[in-house]
Amino acid sequence: MTFLQRRAFLFIALIVLAGCSKQPQSPVHPVVPPVTKPVYKITVLQGDNQTDTVGHPLTNQIQLKVYKDGKPFANSTVLFKGSGCISKDSVNMVTAPDGSSDYQWYLSADVGVQNLTVILCDSARNHLDSLTLHATALKNSGIGNLACACGFGGGRDPSYPTFYKLHSGRIIANSVTTPKYSDDNGQSWYPIDHLTNFFLRKIVITPNDKIFALTSAGVISSTDQGINWSLVVRDDPNHIQIYDIAYTRGGILSYSSNFEMYLSSDDGKTWKKTQPTHSGSTLGWVNLTQQLNGDLYVLSEEGELCKSTDGGTSWTILNSNPDSLSEFYSSIFIDDNGYIYLGRSDTSGGIYVSKDNGQTTTKINFTPDLIGTLYNPGWITKQHDGYYFIHTNLYGMFRTKDFVHIENIGTRYGTPSYDFIVADNNNLILATGKFDEYSYIPNQ
């Protein structure tokens with residue numbers, strides 16, 4: 001091999017060696033299989049596209065079944081959210097072991113098509129699936145005792161009325177859970193969210209619709225028809241002291257607590273302390289009422305009728321024999337003529353009237369005779385239609401226009417009820433049942 005041939009051979013060999021040398025390699029990543037997300041699905045078994053009257057429950061319950069990856073999804077959360085006046089009253093249900101869930105759909109007050117949204121959530125309230133159901137709501141017939149839409153009160157303190165009407169026509173319904181209001185003469189009801197779980201007990205209303213309410217927190221007030229509230233007098237929620245509130249025709253706001261009563265002529269900005277009796281009452285006084293001439297009357301817890309002619313500085317007990325409680329007064333009402341109507345809960349119980357500012361009283365003999373029936377009357381109110389309503393603890397509500405002729409409202413309309421109120425259009429609104437279910441009778 002010549003020199004030139006050897007050089008060519010070496011050159012080729014170097015090229016081959018260079019081509020076979022180890023080159024840098026790209027890193028090798030492990031192959032990760034794609035993540036498969038669970039598939040959730042809500043299936044409607046029955047209840048869609050029904051028709052019924054506003055305020056009524058649909059004939060067939062909504063029945064659903066929930067699946068996860070094709071298998072029943074147990075213990076999942078299903079949220080039911082309606083429209084109209086029930087839009088804020090969403091209900092959470094937990095699915096059964098077979099993935100099923102039931103719901104009773106009550107129609108709101110809106111005539112026409114209504115919607116119910118069903119949402120499947122996980123424990124963290126994350127949306128997994130949803131669908132919308134439909135129903136057709138028909139107008140009420142306008143005859144008989146009609147169901148109110150969203151009219152479940154949830155229970156209330158039986159010592160006080162259920163219904164209160166503002167001068168604007170708005171009606172507020174008392175409740176120990178969430179009070180409600182109606183702006184359509186009782187046909188539909190909406191929650192007052194800011195009073196949820198405040199244990200509302202009693203409401204009083206000023207001529208310009210400022211509201212004072214007695215709650216577990218104390219006395220609170222609202223200037224926008226009950227939507228927003230501010231504290232007036234704080235109470236101890238663990239040991240309630242405030243016993244009653246009142247607002248008189250002369251603009252005096254009052255509240256009573258252990259052994260003392262407080263009066264305010266400036267809507268709670270300043271207070272005057274007074275003590276109508278010294279009989280050892282442990283809770284206080286109720287139903288402060290003002291006569292046309294400005295005199296004040298109040299009842300003690302022990303049935304005493306107390307009177308003040310100097311704005312609450314000094315008081316006189318008007319009962320003939322208060323120590324023996326032969327005259328035990330439980331309610332008081334003064335009409336536009338200055339007549340004082342008093343409910344008595346003693347052995348001569350009934351309704352009494354005084355036409356001489358409490359100096360003498362006469363028992364009213366009603367027609368028909370209601371001996372024993374009007375024993376222990378709880379409160380007396382005057383309604384929009386001119387009737388006076390008399391509440392009794394045992395026999396429900398009575399009404400009279402002249403304190404002569406009287407009738408039991410529940411008997412008259414065939415429904416036992418705890419409380420009634422007359423709306424501006426003369427709808428008679430009723431609270432019945434254990435949880436105060438609201439209904440109304442048109443134009444009564």
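The listed residues are Thr367, Thr361, Thr415, Thr411, and the only one of them that is assigned by TED's automatic domain parsing to the domain that holds Lys307 and under 18 Å from Ile332 (Cα atoms) turns out to be Thr361. Taken over the range 394-427, the criterion of being assigned to a loop (DSSP other than H, G, I, E, B) and either in contact with a helix residue (DSSP H, G or I) (Cβ under 9 Å, 6 or more places away or on another chain) or in contact (Cβ under 8 Å) with a residue 60 or more places away in the chain (or both) is satisfied by Tyr395, Phe403, Gly414, Thr415, Pro416, Ser417, Tyr418, Ala423, Asp424, Asn425, Asn427. Listed by position, the strands (runs of 3 or more DSSP E) contained in the range 283-370 that have at least 1 residues being in contact (Cβ under 8 Å) with a residue 12 or more places away in the chain and charged (D, E, K, R) are 305-308, 340-344. Within the range 281-297, take every residue that is closer than 14 Å to Ile245 by Cβ and modelled with pLDDT under 95 and give me the one that is surrounded by the fewest Cβ atoms within 10 Å (Cβ to Cβ). It comes out as Leu283.
Given the structure, is Ser26 of a type in the set (S, T, N, Q), out of contact with any Cys (no Cβ under 7 Å at 6 or more places or on another chain) and either in the same structural domain as Ala109 (by TED's automatic domain parsing) or at pLDDT below 60 (or both)? Answer is no for this residue.
Restrict the check to the range 210-220 and report whether at least one residue is in contact (Cβ under 8 Å) with a residue 12 or more places away in the chain, within 16 Å of Tyr164 (Cβ to Cβ) and of a type in the set (S, T, N, Q). Yes - at least one qualifying residue is present in the range 210-220. Consider the range 190-231 and keep the residues that are more than 16 Å from the chain's Cα centre (by Cα) and among the acidic types (Asp, Glu). The one that is surrounded by the fewest Cβ atoms within 10 Å (Cβ to Cβ) is Asp224. The set of residues from the range 374-392 being touching a residue at least 24 places away in the same chain (Cβ under 8 Å) and of a type in the set (S, T, N, Q) comprises Asn376, Thr381, Gln383. Among the conditions (1) within 27 Å of Cys306 (Cβ to Cβ); (2) assigned to a loop (DSSP other than H, G, I, E, B); (3) in contact with a strand residue (DSSP E or B) (Cβ under 9 Å, 6 or more places away or on another chain), the only one that Trp379 does not satisfy is (2). Test each condition in (1) buried (at least 19 other Cβ atoms within 10 Å of the Cβ); (2) within 22 Å of Gly349 (Cα to Cα) for Asp402 and report the one that comes out false. Answer for Asp402: the failing condition is (1).
Among the residues of the range 68-79, is there at least one that is closer than 30 Å to Ser141 by Cα and of a type in the set (Phe, Trp, Tyr)?
Narrowing the range 68-79 to residues closer than 30 Å to Ser141 by Cα: none.
Taking every residue of the range 68-79 in turn, none turns out to be closer than 30 Å to Ser141 by Cα and of a type in the set (Phe, Trp, Tyr).
Sub-9 Å Cβ pairs linking a first residue in the range 49-62 that is at positive phi to a second residue that is of a type in the set (Ser, Thr, Tyr), at least 6 apart or interchain, are Asn49/Thr136; Gly55/Tyr106; Gly55/Ser108; Gly55/Ser188; Gly55/Ser439, ordered by first then second residue.
Of everything in the range 167-189 that's surrounded by fewer than 24 Cβ atoms within 10 Å (Cβ to Cβ) and either outside the structural domain of Thr206 (by TED's automatic domain parsing) or in contact with a strand residue (DSSP E or B) (Cβ under 6 Å, 6 or more places away or on another chain) (or both), which residue is farthest from Asn443 (Cα to Cα)?
Top of the filtered list is Thr178.
The values are calculated or read from the model by the stated rules, or taken from the named source; none is laboratory data. Please read all numbers here as calculations on a predicted model, not as lab measurements. Quick reminder, even Gly has a Cβ in these numbers, built from the backbone with ideal geometry, and neighbours come from all protein chains shown.
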